[in-house]
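Reading through the structure tokens given below for one structure.
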Amino acid sequence: MENSETLSLRGSYNRVDKPSALKIFCKFDIIHIFLAAGRMMSKTIAEINEKIAKGQAVVVTAEEVIDLARKKGVAKTAKEVDVVTTGTFGPMCSSGAYFNLGHSKPRIKAGGGTVYLNGVPAYTGLAAVDIFLGATAIPNEDPRNRSHPGEFSYGGGHVIEELVSGKDVKLVITAYGTDCYPRRKVETWINLDNMNEAVLFNMRNAYQNYNVAVNLGDHTVYTYMGVLKPRLGNANYSTSGQLSPLFNDPYYKTIGIGTRIFLGGGAGYITWQGTQHNPSVPRTNKGVATRPGGTLAVIGDMKQMSPRWLVGSSFIGYGATLTVGIGVPIPILSDEILNYTAVTDEELLAPIIDYFEGYPQRSPDVLGEVSYAQLKSGKIRVKGKDVPTASLSSYSRAVEIANILKDWIQKGEFYLTDPVAPLPGADSGATCKPMQERPFEE
């Protein structure tokens, strides 16, 4: 087990340039570090997979590991536990799916034309019968916010849910016609079984922390964080806290490109860092990101997925989206990794942001920080006022995902993967940049 002295030395090393870091330590300090490292437990993913194959892997959820670490200590728990499973289930707008529809007779070129699935437009600028459907796409005839607030009762996320439910949807293709693709219109029912490929591909999921949204204004506002009542009438948040994947691996030491995950009820993979990946945000001394930090881009076969874990959702006055279930296994390769997974809601801090003026005007001064334990208590204190809280994500569903993933691993139905490349970390210099507008010259 790492003692406070060892942790202090590591902290000093991380705060200086690594090539010259050892120069600042005396000979005794260097020997102490090597001896401490020698006492630390270490495993490999290959060794854990061997235990999974033999039915010997010890798997616990990120909720269960907290009590284990308290009772037995980090070092002993790290030695005994092989995998910690995480979970989150919440609205994730930057989601969608691509499909290969198969060729009609005669052939039709959807590329450059239009495609609608149950009246929701899909993107056609790919090829003849490859299309992409975004979760936030809505029918052309949707009134949107013309009568504010709009209902946004149906969109791309709802189509995705219906497809994974096994339902038929209406496919309408219009094209301009070519010599090799002469047909100009197709109208047909289609479902997942009819398609060659149906792949969920989400460009930004599983945010590492997120804002607590409040409204300092004098009237109700309708946002992607839900309906916010005036004068601090409520506060909404959207993270599963201590079960959330990137809270349990804050520096992306095990989660990377190629990591196999639970996605939408089936198996998927992390393909890249998600858009707006921002690892350089402020962190606590335990590595907890206190602002919206890292994100994941993920992919998986929709034909394996379930409508329980992919749910079309509507945000009044804002738009349509998709609620997604994600679970990431954390291999316990060292005491350090176990220590990260034992993080509690009391240690996780989220920023409070005004969505009346601060957020829309891109001047979101932080009104304060609150722990997820406070958020889950049902109320927080903002500007001297008790404000009721509500979560857009489901903690109970997150627990269910973590337990499903745990069960898959224990049964030998799910093996871990070594990342083929790391995600950009806190020392990478990667940041999320705002738009820099440059007006057109006359």
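The values are calculated or read from the model by the stated rules, or taken from the named source; none is laboratory data. Please read these numbers as outputs of a predicted model, since none were measured by experiment. Quick reminder, even Gly has a Cβ in these numbers, built from the backbone with ideal geometry, and neighbours come from all protein chains shown.
Working only within segment 428-439, note down all residues that are within 23 Å of residue 298 (Cα to Cα) and loosely packed, with under 14 Cβ neighbours inside 10 Å. Correct list: 429, 431, 433. The set of residues from segment 77-91 being surrounded by fewer than 24 Cβ atoms within 10 Å (Cβ to Cβ) and over 14 Å from residue 65 (Cα atoms) comprises just one member, 91.
For residues in segment 304-325 being out of contact with any Pro (no Cβ under 9 Å at 6 or more places or on another chain) and over 17 Å from residue 167 (Cα atoms), which is surrounded by the most Cβ atoms within 10 Å (Cβ to Cβ)? My answer is 320.
Go over the candidates 342, 398, 430 one by one and state the one that is in contact with a Gly (Cβ under 7 Å, 6 or more places away or on another chain) and more than 16 Å from residue 212 (Cβ to Cβ). Going through 342, 398, 430 in turn, the sole match is 398.
Quick check on segment 400-442: of everything there that is polar (S, T, N, Q) and in a loop (DSSP other than H, G, I, E, B), which residue is nearest to residue 56 (Cα to Cα)?
Of segment 400-442, the ones polar (S, T, N, Q) are 403, 410, 417, 428, 431, 436.
Then keep just the ones that are in a loop (DSSP other than H, G, I, E, B); that gives 417, 428, 431, 436.
Values: 417: 18, 428: 37, 431: 41, 436: 54 Å.
That would be 417.
Among the conditions (1) in contact (Cβ under 8 Å) with a residue 12 or more places away in the chain; (2) more than 24 Å from residue 168 (Cα to Cα); (3) of a type outside the set (Asp, Glu), the only one that residue 144 does not satisfy is (1). Taking segment 378-420 as the range and being exposed (fewer than 13 other Cβ atoms within 10 Å of the Cβ) and under 19 Å from the mean Cα position of the chain (by Cα) as the test, only 396 passes. Exactly one residue among 121, 106 is of a type outside the set (A, V, I, L, M, F, W, C) and in a strand (DSSP E or B), and that residue is 121.
Quick one: which residue in 196, 202 is closer than 30 Å to residue 227 by Cα and either touching a strand residue (DSSP E or B) at 6+ places or on another chain (Cβ under 7 Å) or modelled with pLDDT of 95 or more (or both)?
Values: 196 fails: closer than 30 Å to residue 227 by Cα.
The unique qualifying residue is 202.
Each row is one residue, and each column tells you yes or no for (1) within 19 Å of the chain's Cα centre (by Cα); (2) more than 19 Å from residue 305 (Cβ to Cβ).
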| residue | (1), (2) |
| --- | --- |
| 140 | no, yes |
| 149 | no, yes |
| 154 | no, yes |
| 173 | no, yes |
| 189 | no, yes |
| 195 | no, no |
| 205 | yes, no |
| 209 | yes, yes |
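Return the residues of segment 92-107 that are under 30 Å from residue 65 (Cβ atoms) and either buried (at least 22 other Cβ atoms within 10 Å of the Cβ) or out of contact with any Ser or Thr (no Cβ under 8 Å at 6 or more places or on another chain) (or both); say none if nothing qualifies. Steps first, please.
In the first step, residues of segment 92-107 are kept if they are under 30 Å from residue 65 (Cβ atoms); the result is 92, 94-95.
Hits for segment 92-107 are 92, 95.
Selection of strands (runs of 3 or more DSSP E) fully inside segment 264-366 by the criterion of at least 2 residues being closer than 20 Å to residue 430 by Cβ returns 266-273, 296-301. I'm checking my understanding of the structure. Among residues of segment 217-250 that are surrounded by fewer than 24 Cβ atoms within 10 Å (Cβ to Cβ) and hydroxyl-bearing (Ser, Thr, Tyr), which one is nearest to residue 205 (Cα to Cα)? Restricting to residues being surrounded by fewer than 24 Cβ atoms within 10 Å (Cβ to Cβ) and hydroxyl-bearing (Ser, Thr, Tyr), the top hit is 238. Does residue 373 meet the test of being surrounded by fewer than 21 Cβ atoms within 10 Å (Cβ to Cβ) and at pLDDT 95 or above? When the stated conditions are applied, residue 373 passes them. Taking residues in segment 348-368 that are in the same structural domain as residue 218 (by TED's automatic domain parsing) and over 15 Å from residue 233 (Cα atoms), and partners anywhere that are among the hydroxyl-bearing types (Ser, Thr, Tyr) and surrounded by fewer than 16 Cβ atoms within 10 Å (Cβ to Cβ), the pairs with Cβ atoms closer than 7 Å and at least 6 places apart or on different chains are 349/284. Pairs linking a residue in segment 175-202 that is more than 20 Å from residue 118 (Cβ to Cβ) and in contact (Cβ under 8 Å) with a residue 12 or more places away in the chain to a residue that is among the hydrophobic types (A, V, I, L, M, F, W, C) and exposed (fewer than 15 other Cβ atoms within 10 Å of the Cβ), with Cβ atoms under 6 Å and 6 or more positions apart or on different chains, do not occur. The set of residues from segment 417-429 being hydrophobic (A, V, I, L, M, F, W, C) and either modelled with pLDDT of 95 or more or under 18 Å from residue 260 (Cα atoms) (or both) comprises 420, 421, 423.
Looking only at segment 39-65, count every residue that is in contact with a helix residue (DSSP H, G or I) (Cβ under 7 Å, 6 or more places away or on another chain) and within 16 Å of residue 85 (Cα to Cα) and tell me the total.
Within segment 39-65, the subset in contact with a helix residue (DSSP H, G or I) (Cβ under 7 Å, 6 or more places away or on another chain) is 40-41, 52, 57-63, 65.
Narrowing the set further to residues that are within 16 Å of residue 85 (Cα to Cα) leaves 52, 57-63, 65.
Qualifying residue count, segment 39-65: 9.
Which one is farthest from residue 309 (Cα to Cα) among residues in segment 362-390 that are of a type in the set (Ser, Thr, Tyr) and out of contact with any Gly (no Cβ under 8 Å at 6 or more places or on another chain)? Let's see the steps before the verdict.
In the first step, residues of segment 362-390 are kept if they are of a type in the set (Ser, Thr, Tyr); the result is 363, 371-372, 377, 389.
Subsequent filtering for residues that are out of contact with any Gly (no Cβ under 8 Å at 6 or more places or on another chain) retains 363, 371, 377.
Details: 363: 35, 371: 27, 377: 26 Å.
Of everything passing the filter in segment 362-390, 363 is farthest from residue 309 (Cα to Cα).
Only one residue in 126, 163 is within 30 Å of residue 207 (Cα to Cα), aliphatic (A, V, I, L, M), in contact (Cβ under 8 Å) with a residue 12 or more places away in the chain and surrounded by fewer than 19 Cβ atoms within 10 Å (Cβ to Cβ). Which one? I'd like the intermediate steps shown before the answer.
Values: 163 fails: surrounded by fewer than 19 Cβ atoms within 10 Å (Cβ to Cβ).
After ruling out the rest, the residue left standing is 126.
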